[in-house]
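**Q** First the structure, which I've put down as structure tokens, then a few questions once you've had a look.
The values are calculated or read from the model by the stated rules, or taken from the named source; none is laboratory data. Just so it is clear, the structure is predicted and the values come from calculations on it, not from any experiment. Cβ atoms come from the backbone with ideal geometry, glycine included; neighbour counts cover every protein chain shown.
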Amino acid sequence: MMRLQGKTALITGSLTGIGRGIASAMAQEGANIILNGIDTPEEAENTRQELEKMGQRILYYKADVGNVQEVTTMITDAQKKLGSLDILVNNAGIQYVEPIDTFPIEKWDAIIATNLSSAFYTIRAVLPFMKEKKWGRIVNIASVHGLVASAYKSAYVAAKHGLVGLTKAAALDVAEFGITVNAICPGYVDTPLVRQQISEQAKAHHLSEDEVIPKVLLAHHAIKEFVTVEQIAAMTIYLCSDACKTLTGTALSIDAGWSAQ
């Protein structure tokens, strides 16, 4: 039996990487999917058609999640077309690596908007629909950097710590309405976002790109492997299931032992 049959899920940043994996897994579990991302129209349509083959309804919106008006328009329109909005996964994120004293102001503003403010915008917009049904699941894809810090990532660490705090506050606000809010805190996942960091990290740490993975990316992983997209998708679906009716306000680590140290 499909665990999300009849539900509708919005996953931000869902055309690649973690978000794409979650969208695919949820479609396989019977959910209608609202895709969001800034890829080219051709790439977005290819993803939409691929997921639609699973038999669910799939919509796509090229909304800037850092823009409150675009977020509100996307959510209102999708709810009208699909009739409900039961699950929200805040996954959209960007990264930039630079020492704090030379960190560009515009990069700070962009990371805070995309990685933190966007989650507030989406949560605020979906809650009326979830409250009306007295059921909802909100999962924020945070990071181990929502629990611990690393050098040269001031904006990202600040945003992810903020996202964990937002998770806890939102969970308390909506507990009486049958809505749960949780965060997942992955370690390094082998995604395009992480691959993009390799050259930046090499420059920042004065290492070759071949040295960066073992010496920087996986240095804090007790299990010397990347976390996989499939593992995060499985955890997300579990948090959206009825088995997690009373699991709320948590930040769950899937970080290969990083935050245990």
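**Q** Report yes if Ala151 is modelled with pLDDT of 95 or more and among the aliphatic types (A, V, I, L, M), otherwise no.
**A** Here the answer is no, as Ala151 does not meet what is asked.
**Q** Against the definition (part of a helix (DSSP H, G or I) and among the small types (Gly, Ala, Ser)), how does Ala202 come out, yes or no? Before the answer, list the steps.
**A** Details: part of a helix (DSSP H, G or I): yes; among the small types (Gly, Ala, Ser): yes.
So Ala202 passes the test.
**Q** Considering Gly66, Gly21, Gly30, which residue is surrounded by 16 or more Cβ atoms within 10 Å (Cβ to Cβ), within 19 Å of Val229 (Cβ to Cβ) and of a type in the set (Gly, Ala, Ser)?
**A** Numbers: Gly66 fails: within 19 Å of Val229 (Cβ to Cβ); Gly30 fails: within 19 Å of Val229 (Cβ to Cβ).
Answer to the check: Gly21.
**Q** Among the residues of the stretch 58-69, are any at pLDDT below 95, more than 20 Å from Cys240 (Cα to Cα), not in a strand (DSSP E or B) and not β-branched (Val, Ile, Thr)?
**A** no
**Q** Shifting gears a bit: In the stretch 70-86, which residues are buried (at least 22 other Cβ atoms within 10 Å of the Cβ) and either not in a helix (DSSP H, G or I) or not assigned by TED's automatic domain parsing to the domain that holds Ala31 (or both)?
**A** Leu85, Asp86
**Q** What number of residues in the stretch 139-197 are closer than 15 Å to Thr228 by Cα, assigned to a strand (DSSP E or B) and among the hydroxyl-bearing types (Ser, Thr, Tyr)?
**A** 0
**Q** Further, regarding this structure: Can you find, within the stretch 191-250, the residue that is surrounded by the most Cβ atoms within 10 Å (Cβ to Cβ) among those that are of a type in the set (Ser, Thr, Tyr) and over 21 Å from Ile11 (Cβ atoms)? Lay out the reasoning, then the answer.
**A** Just the residues of the stretch 191-250 that are of a type in the set (Ser, Thr, Tyr), to begin with: 191, 199, 208, 228, 236, 238, 241, 246, 248, 250.
With the extra rule that they be over 21 Å from Ile11 (Cβ atoms), the set shrinks to 199, 208, 246.
Numbers: Ser199: 12, Ser208: 9, Thr246: 7.
Per the stated criteria, the residue is Ser199.
**Q** Please find, within the stretch 89-117, the residue that is surrounded by the fewest Cβ atoms within 10 Å (Cβ to Cβ) out of those that are more than 17 Å from Ala204 (Cα to Cα) and among the acidic types (Asp, Glu).
**A** Glu106
**Q** Please specify each residue of the stretch 53-74 satisfying the condition of being charged (D, E, K, R) and within 16 Å of Thr16 (Cα to Cα). Step through it out loud before you land on a result.
**A** Just the residues of the stretch 53-74 that are charged (D, E, K, R), to begin with: 53, 57, 62, 64, 70.
Those that are charged (D, E, K, R) and within 16 Å of Thr16 (Cα to Cα): Lys62, Asp64.
**Q** Which residue out of Arg48, Arg3, Arg20 is in a helix (DSSP H, G or I), more than 18 Å from the chain's Cα centre (by Cα) and more than 19 Å from His145 (Cβ to Cβ)?
**A** Numbers: Arg3 fails: in a helix (DSSP H, G or I); Arg20 fails: more than 18 Å from the chain's Cα centre (by Cα).
Among Arg48, Arg3, Arg20, only Arg48 is in a helix (DSSP H, G or I), more than 18 Å from the chain's Cα centre (by Cα) and more than 19 Å from His145 (Cβ to Cβ).
**Q** Right, next: Of the residues Ser241, Ser199, Ser154, Ser259, only one is small (Gly, Ala, Ser), closer than 28 Å to Ala110 by Cα and assigned by TED's automatic domain parsing to the domain that holds Asp86; which?
**A** Numbers: Ser241 fails: closer than 28 Å to Ala110 by Cα; Ser199 fails: assigned by TED's automatic domain parsing to the domain that holds Asp86; Ser259 fails: assigned by TED's automatic domain parsing to the domain that holds Asp86.
Answer to the selection: Ser154.
**Q** Out of Ala183, Ala204, Ala171, report the one residue that is over 16 Å from Tyr156 (Cβ atoms), in contact (Cβ under 8 Å) with a residue 12 or more places away in the chain and not acidic (Asp, Glu). Steps first, answer last, please.
**A** Working: Ala183 fails: over 16 Å from Tyr156 (Cβ atoms); Ala204 fails: over 16 Å from Tyr156 (Cβ atoms).
Every option except Ala171 fails the conditions.
**Q** Take the conditions at positive phi and in contact with a helix residue (DSSP H, G or I) (Cβ under 9 Å, 6 or more places away or on another chain) and apply them to Lys134. Does it pass? It would help to see each step written out before you state the result.
**A** Details: at positive phi: yes; in contact with a helix residue (DSSP H, G or I) (Cβ under 9 Å, 6 or more places away or on another chain): yes.
The answer is yes for Lys134.
**Q** Another question about this same structure. From (1) more than 20 Å from Val229 (Cβ to Cβ); (2) out of contact with any Leu (no Cβ under 7 Å at 6 or more places or on another chain), pick out the condition that doesn't hold for Lys81.
**A** The single condition Lys81 does not satisfy is (2).
**Q** Scan the stretch 206-261 residue by residue and report those that are under 18 Å from Ala149 (Cα atoms), touching a Pro at 6+ places or on another chain (Cβ under 8 Å) and among the charged types (D, E, K, R).
**A** Asp255
**Q** Would you confirm, using the coordinates I've provided, whether Ile11 is among the hydrophobic types (A, V, I, L, M, F, W, C), under 18 Å from the mean Cα position of the chain (by Cα) and modelled with pLDDT of 95 or more?
**A** yes
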